[in-house]
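The values are calculated or read from the model by the stated rules, or taken from the named source; none is laboratory data. Worth saying up front: this structure is predicted, and the values here are computed from it rather than measured. Counting neighbours? That spans all protein chains shown, and the Cβs are built from the backbone with ideal geometry, glycine included.
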Amino acid sequence: MTASPPPFSAMTGIQTGSPAFRRVSLALFAAGFSTFALLYHVQPLLPLLADGFGVAPAEAALALSLATGFLSVSLLLSGALADIFGRKPVMVASLTLSALLTLLTAIIPSWHGLLLARALFGVTLAGLPAVAMAYLGEEMHPSALDRAMGLYIAGSAMGGMAGRLVTGVVVDFLPWQAATIGIGLMGLLAAFAVWRLLPVSAGFVRRPARPGLMLTALAAPLRRADLRLLFAQGFLLMGGFITIFNYMGFRLLLSPFDLPQSVVALIFSAYLLGMGSSSTVGRLTVRWGRAPVMVGAVLIMTAGVALTLADTLYTIVPGIALMTFGFFGAHSITSGWVGALAPATGKAQSSSLYLFSYYMGSSLVGAGGGVIWAAWGWGGLVAVVGFMLILSLFAIAALSRMTRG
């Protein structure tokens, strides 16, 4: 007979400043770091992949868009798997398999083989993001949730920067495959850190594998208007953010900039601001509430996108910095908001649906951005992203009225 888990309440969850809080923060910082590094290290490589495999920029972007597309769909199942096998085992397996597939992409000689590996990578990586959010929602005391989520998002920001920056600089001296191998090995180290440091779930209750119940649990958050608005935020914010970064590299390699690849990669150091943004908004939301702080973050992101219209680096670089700061602040708030509003028995499914929208925005808008850029130039791309951010502000207003966040 299986013993029942001990009673657990969010009100007795992990408190800020405790040894358990430090272990969770370090483990999930490493998890967030590796997730974004593994996923987005190909972004600065897109021009090289286009030249090396003889494909157009929009097709080269599939190396990222296929991964995020398959990731988004697979996220819908990852919550159910974590309900069956547990949070920590799924996260460790996800990171390990994703790192191994990244190593594989470095030795595959064909373009279509590389795309297949990146698609499979998207499937395996799905076991981490939504499950990490669900773990925090179940294990953290309410007063510690936003802070812990901010640290996890900060790790994501640093990983996104490091993955892009390291590969972008290394490829000026070594083949892109060498940079990819380094990122894959880093992913294996992160998997070990999560396995070693992350406490076993105390607030998790294992559930049997029943497909009907899984579908019912997945559909339940969609009946909530407030959660649907948060899911839409993920699509709008991530779609706009990743599209600007996808094609900025191509733009800066061309006239009138004509920058080398290693210099273009330096723009990804703006992700350091994402780290500061995530931790900062976690504190601000405690004082001012989620909705007002999120409006500010989206407005900062919008201003940054507008600055990229200029043809001078003195304006573009600050624009990228502002956009990054605003995006990670808004993403951190939205992630915590989903965890706070999700029902106790549907946190993993709510997290999966949010991240499905988040990565689907990256996939669809990120790939479609190449067509927009080819047809209407950078101004057309900025106009589309700006319109998406305006929609985001309307969604925040509606959500504020519902929740008084």
Enumerate the pairs (first residue in region 363-386 and more than 14 Å from Gly239 (Cβ to Cβ) and modelled with pLDDT of 90 or more; second residue anywhere and β-branched (Val, Ile, Thr) and assigned to a helix (DSSP H, G or I)) with beta-carbon separation below 6 Å, excluding pairs fewer than 6 apart on the same chain, so at least 6 apart or on different chains. Gly380/Ile372
Any chance region 79-86 includes a residue that's farther than 22 Å from Gly182 by Cβ, β-branched (Val, Ile, Thr) and in a helix (DSSP H, G or I)? yes
Counting only residues that are polar (S, T, N, Q), closer than 28 Å to Ala395 by Cα and touching a helix residue (DSSP H, G or I) at 6+ places or on another chain (Cβ under 8 Å), give me the helices (runs of 4 or more DSSP H) lying completely in region 252-319 with at least 3 of them. 271-288
When region 243-274 is examined, which residues are found to be under 24 Å from Met158 (Cβ atoms) and aromatic (Phe, Trp, Tyr)? Phe245, Tyr247, Phe268, Tyr271
Can you report the number of residues in region 97-121 which are within 18 Å of the chain's Cα centre (by Cα) and among the hydroxyl-bearing types (Ser, Thr, Tyr)? 2
Just one listed residue, out of Ala60, Ala82, is surrounded by 19 or more Cβ atoms within 10 Å (Cβ to Cβ), more than 15 Å from the chain's Cα centre (by Cα) and closer than 21 Å to Leu364 by Cβ, and it is Ala60
Given the structure, is Arg283 of a type in the set (Lys, Arg), surrounded by fewer than 22 Cβ atoms within 10 Å (Cβ to Cβ) and in contact (Cβ under 8 Å) with a residue 24 or more places away in the chain? yes
Within the group Met133, Met91, which residue is under 14 Å from the mean Cα position of the chain (by Cα), within 26 Å of Ser278 (Cβ to Cβ) and in contact (Cβ under 8 Å) with a residue 12 or more places away in the chain? Met133
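Every residue in region 211-251 that is within 20 Å of the chain's Cα centre (by Cα) and charged (D, E, K, R), please.
Hit for region 211-251 is Arg228, nothing else.
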